[in-house]
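I have placed the structure first, in the form of C-alpha cells, so that the comments after it can refer back to it.
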Amino acid sequence: MAPLLQDVLGTDVVSPYDELMAYEYLYSREGSTLKKIVEATVLSNKLPREALYDLYGFVAPDDFDEVSLWVAQQMGDFAIAVNQTPSWPTALCDSKRPSPLLYYRGDINLIESRTISIVGARKATDMGKARAAALARDLSANGITIATGLAAGIDTAAAQSAIANQGKVIGVIGTPINKCYPKENRKLQDIVAHEHLLLSQVPLYKYSVQPFKTKRYYFPERNELMAAVSDATVIVEASDTSGTLTQAKACLSQGRPLFIMRSCAENSTVSWPRRYIDKEGVYVLDSTQQLLDLVYG
C-alpha cells in the first residue's frame, strides 16, 4: 500500500494534482455520486484528500495506485481548479451543489464575466436555431459571454453564433474534459477550449469504466453547473421531456433568473412552460433588451 497523506497533513500546501487524484479515487468507489462526494468534501469543509484520509487514514487503499496511474496517463492540455482554494472562481461560491474541483481548458477568468446561458432542444427546429443564433449575436454585441452545453441543436447554434460575432463562450460539457459529445462538435469544442473556456466536473477514470447507460446522469449535473456559471438562463425551445428542464429547476434553486422565449412559452404542443411562468424569477422573453434590463439593470 502506498503512503497517502502524511507528507501534507499539518501544512497549508494544496497540490491540485494530489486533489485531482483523490477526487478521481473517491469517484471510482462503488456507489459514488457527485452528491455524496460534495457532502464529504465541500459541505464538510474538506478537500478531496482530507475526505480520502477520513476513509483510509495514512495508507492508501490497494487500488489507489492503479486509478492514479491510469489518470496520470490521461493528463494533457487541461488544468484543475480546486474548491476552497484561491484557484476557485468566486462566481461559483454560491453554487448549491459545489463540485470539489473543475477540469478546464482555456481562460478560467471568463467565469467572472457577465454570462447568460442559451439552452434548448437537441433536435431543434430551424426557427429555434435561428432564434438562438440571433440572441447569441445580440448578447455578444453587448459584451455578454454565452454559456452553452455544446450539445446538438440550440446549444451549437448559440455557440457558433457567438464565436462568429466575436463573442466569448463558456462550454460546460457532460463528458470528461478530454472527450466530446456529440462527436461532430469536436472542432467546435476545440475552438472553445483554445480560445474561450471549456469546463467539466466529470471524472476521467469512472467515466471510462462505467456502463454507457449510466453516463447520461452527468448531463443533468452539467446543467446545474451551467446554471451556476450563468447570471441567467434562456430556454429557446424544449419538449416536455427535455433535459434542458434540469437547468430550469437549477436556476430557480440557485436564485438565477429563468427566461423562456415567448415562442416556446406559447407553443401549444408543450405543457412545461405553464408550470414555470407564474413562479418568481421566471420571465417570458420578448427581446434582448428586456433580458439585459432585467438581469443587469
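The values are calculated or read from the model by the stated rules, or taken from the named source; none is laboratory data. In this text, all values refer to a predicted model and were calculated from it rather than measured experimentally. Cβ atoms come from the backbone with ideal geometry, glycine included; neighbour counts cover every protein chain shown. Ligands, DNA and RNA are stripped out before the accessible areas are found, and what is left, the full protein with its side chains, is counted by its heavy atoms. Shrake-Rupley method; radii C 1.70, N 1.55, O 1.52, S 1.80 Å.
Of note:
- For the stretch 235-267, a residue qualifies if it is closer than 15 Å to VAL295 by Cα and open to solvent by 50 Å² or more (accessible area, probe 1.4 Å), and the qualifying residues are LEU252, GLY255.
- When the criteria are applied in full, ARG137 fails the requirement of being touching a residue at least 40 places away in the same chain (Cβ under 8 Å), open to solvent by 10 Å² or more (accessible area, probe 1.4 Å) and charged (D, E, K, R).
- Among the residues of the stretch 138-168, those that are in contact with a strand residue (DSSP E or B) (Cβ under 7 Å, 6 or more places away or on another chain) and closer than 30 Å to LYS213 by Cβ comprise ALA147, THR148, GLY149, LEU150, ILE154, ASP155, ALA158, ALA159.
- Residue count for the stretch 252-268, restricted to those that are touching a residue at least 24 places away in the same chain (Cβ under 8 Å) and either basic (Lys, Arg) or within 23 Å of ALA130 (Cβ to Cβ) (or both): 9
- Per the listing THR85, THR90, THR115, the residue uniquely exposed (fewer than 12 other Cβ atoms within 10 Å of the Cβ) and in contact (Cβ under 8 Å) with a residue 12 or more places away in the chain is THR90.
- Out of SER117, SER113, SER99, one residue alone is under 17 Å from GLU224 (Cα atoms) and in contact with a strand residue (DSSP E or B) (Cβ under 7 Å, 6 or more places away or on another chain). It is SER117.
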